Amino acid sequence: MRRLLRKMAVVSALLVAAPALLAGCTLGKEEGVVYFRFANSPTALSLVRIADELGYWDNAKVKPEYVGPATAVPAVQLLDQGSIDIATGMFNNDIDGKVKGFKFTAIASSMLDLPNEPHMAYFTRAGSPITKTNLKALEGRTVGLNGSNSCTDLLIKRYLKNNGVDLGKVNFLELKPELIAPAIERGEVDLGVFHPPLVGVLLSKPAEFTQAFTSFDDWGPLGGQAPYVASNAWLQKNPDAAREFVGIIAKTANWANAHPRESAEIAGKTTGYPVEQTTNWHYAPNALLDKASLQLWWDLVAEVGKPLPGSENLKPEDIATNAFNPYAKSADLLETQDHNTTILTEEQNAGIFDTHLVDIAKAEK
């Protein structure tokens, strides 16, 4: 475990130092194909990269150009600056970006949450007194997470707060994801927050790590959407490519949900972790966006985060749309994912719907 994670840390450091290493798709571009610059992190899961492994971009008129990995600058700011075209990230960053006036739009959904395919899982060292029914044991101890005001930060704080833990007595330590497990082994961190594919890696080592609980225990199936967002400039210039992009993301999400073991193996392959140990997320069917899984971010940030002034005036429809989704019957967001349980194989519209978020010529009214 330590050797593997040290190796991943070295790879991540090299990629941060030399982002051009990830831009291999820039060579030999095909005529007539629209490329989108995608902010890519080497150890993060991505439906874009899974689609690549499945060959879904091969004959498409839209293809990814991997750039990055992502920097400390928020992805929505990079979209607004024209540095990238499409990204994925937690929705609270999208809310902040809209408050700041950045011009981007959420166009496709991402993960949900299931008991056996959680958005996040929380691990301790084997034998720790910290359990789901003994969270007070965390007081005076350290939680390792990989970013403040992120899903790894906000959700654990709300869960602990709602279960009677005094957050003022807990030390929250920010570390790179691949460094948290070694810190648990050394006793420097008492509880770590992990996403797939690392969840599966830790589950494969029960003598060393114990899964105490998961994000499903807090927010249930809503899953903390990290929708795919695109710059408005790219969407205005390439609306048909955007529609094809969303269609491929939907197809990939549906495939991954139907093939959890195979998609987990691809997740391991694309992130560098052992394929026999990795896990993947569960995704919103048909890449359709809904209000409920987006609205939870306002509540979450208000409870334990730092909402920007003005964010309370926004709602999901001010940021997200299904206008580019070939499986949508309108641009409107679904009320909840409860209205999206059937896997669609036939397109439900003939083009792009009109949306107030992006001015698209020839959009259907």
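Structure summary
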quantity: Cα-projected label distance for ASN149 with ASP318, points at 7 Å along beta-carbon direction, nm; calculated: 1.7
quantity: Pair ASP354, LYS161: separation of 7 Å Cα→Cβ label points (nm); calculated: 4.2
quantity: DSSP beta bridge pairing in the chain, given as percent antiparallel to the nearest 5; calculated: 50
quantity: Intensity falloff of the stretch 213-276 expressed as log10 I(q)/I(0), Debye formula with alpha-carbon point scatterers, at q = 0.15, 0.18, 0.26, 0.27 Å⁻¹; calculated: -0.74, -0.94, -1.07, -1.08
quantity: Gain in span if fully extended, LYS329 to LYS136, counting 0.36 nm per residue against the direct Cα distance; calculated: 64.7 nm
quantity: Residues in the stretch 186-205 reached by a label modelled at LEU173 [backbone nitrogen below 11 Å; 7 Å Cα→Cβ]; calculated: 186-192
quantity: Cβ-based net charge around GLU335, under 14 Å, with every Lys or Arg adding one and every Asp or Glu removing one; calculated: -1
quantity: Over the chain: helical MRE at 222 nm, DSSP H runs n ≥ 4 each giving -39500 (n - 2.57), nearest 500; calculated: -10000 deg cm²/dmol
quantity: Calculated SAXS-style log₁₀ I(q)/I(0) at q = 0.13, 0.18, 0.21, 0.29 Å⁻¹ - the stretch 261-316, Debye, Cα scatterers; calculated: -0.58, -0.74, -0.78, -1.07
quantity: All lysines inside 28 Å of LYS169 as judged from Cα atoms, apart from same-chain residues fewer than 8 positions distant; calculated: LYS132, LYS136, LYS157, LYS161, LYS306
quantity: Sites matching trypsin sites (Lys or Arg not before Pro) across the stretch 30-66 that sit in DSSP coil, with at most 15 neighbouring C-beta atoms within 10 Å; calculated: LYS61
quantity: Centroid-to-centroid separation of the stretch 300-365 and the stretch 187-255 [C-alpha atoms, Å]; calculated: 19
quantity: Per-bin percent of Cα-Cα distances, the stretch 185-295 [10 Å]; calculated: 12, 32, 34, 16, 5, 0
quantity: Contact order relative to length of the stretch 48-129, as percent, for alpha carbon pairs under 8 angstrom and 6 or more apart; calculated: 18
quantity: Value of Rg to Rh for the chain (Rh from inverse mean 1/r over Cα pairs, i.e. Kirkwood); calculated: 0.96
quantity: Loop-located trypsin sites (Lys or Arg not before Pro) in the stretch 100-193, at most 15 other Cβ atoms within 10 Å (DSSP); calculated: LYS100, LYS132
quantity: The chain: relative contact order in percent, alpha carbon pairs under 8 Å with at least 6 residues between; calculated: 22
quantity: Proximal charge balance of ASP218 [Cβ under 14 Å; K/R count +1, D/E count -1]; calculated: -1
quantity: FRET efficiency, 1/(1 + (r/R0)^6) with R0 22 Å, evaluated for LYS306 and LYS100 via beta carbons; calculated: 0.95
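No value in this document is a laboratory result; all are computed from the given coordinates. Being a predicted model, the structure only gives us computed values, none of them experimental. Ideal geometry is used to build each Cβ from the backbone, glycine not excepted, and the neighbour counts take in all protein chains shown.
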